Amino acid sequence: LHNVAHSFPTRRSSDLDSVQIKLDDKVVTSYLYTPAEVAALHRGGVQRVHMGNLKSGEHEIVAFFTGKGPHDRDYKRGTKLKFEKGSEPRYIELRIKDSTGKLQPEFDVKVWQ
């Protein structure tokens, strides 16, 4: 069993349009956000974007986010992570946070057991 959750604990300088999640080169989630959903994420909400079963062994998750960043600039950001799946459940958190230096959001990815 694995869960992938997404949160967006950041200032309102970035807005999210969509997310796409791939596990082992297979698209498992594509999602378009409403303004109300983006507002809930900004208030600290967490969205479960995928839940499923994986075989034990090495896997790769790839996430792409699109949206509008500071100064109304469009952005598309991606990240990938290889992780080992054993018999225990895994929880992967994809967190989007502002990078003031880059003027674009960036990722913080964490694997929980």
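The values are calculated or read from the model by the stated rules, or taken from the named source; none is laboratory data. In this text, all values refer to a predicted model and were calculated from it rather than measured experimentally. Positions of Cβ are backbone-derived with ideal geometry, glycine not excepted, and every protein chain shown enters the neighbour counts. Ligands, DNA and RNA are excluded from the accessible area calculation, which covers all protein heavy atoms including side chains. Shrake-Rupley method; radii C 1.70, N 1.55, O 1.52, S 1.80 Å.
A few notes on this one:
- Subset of the stretch 29-46 that is part of a strand (DSSP E or B) and open to solvent by 40 Å² or more (accessible area, probe 1.4 Å) - its residue that is modelled with the lowest pLDDT: 46
- The stretch 15-28, subset in a strand (DSSP E or B) and charged (D, E, K, R), residue most open to solvent (accessible area, probe 1.4 Å): 26
Table: residues versus (1) at pLDDT 80 or above; (2) in a strand (DSSP E or B); (3) open to solvent by less than 50 Å² (accessible area, probe 1.4 Å).
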residue: 60; (1), (2), (3): yes, yes, yes
residue: 66; (1), (2), (3): yes, yes, yes
residue: 71; (1), (2), (3): no, no, no
residue: 80; (1), (2), (3): yes, yes, no
residue: 83; (1), (2), (3): yes, yes, yes
residue: 91; (1), (2), (3): yes, yes, no
residue: 109; (1), (2), (3): no, yes, yes
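- The stretch 60-79 residues that are within 13 Å of residue 106 (Cβ to Cβ), paired with ones that are open to solvent by 80 Å² or more (accessible area, probe 1.4 Å) and assigned to a strand (DSSP E or B) (beta carbon under 9 Å, 6 or more apart): 63/80; 65/76; 67/74; 67/76
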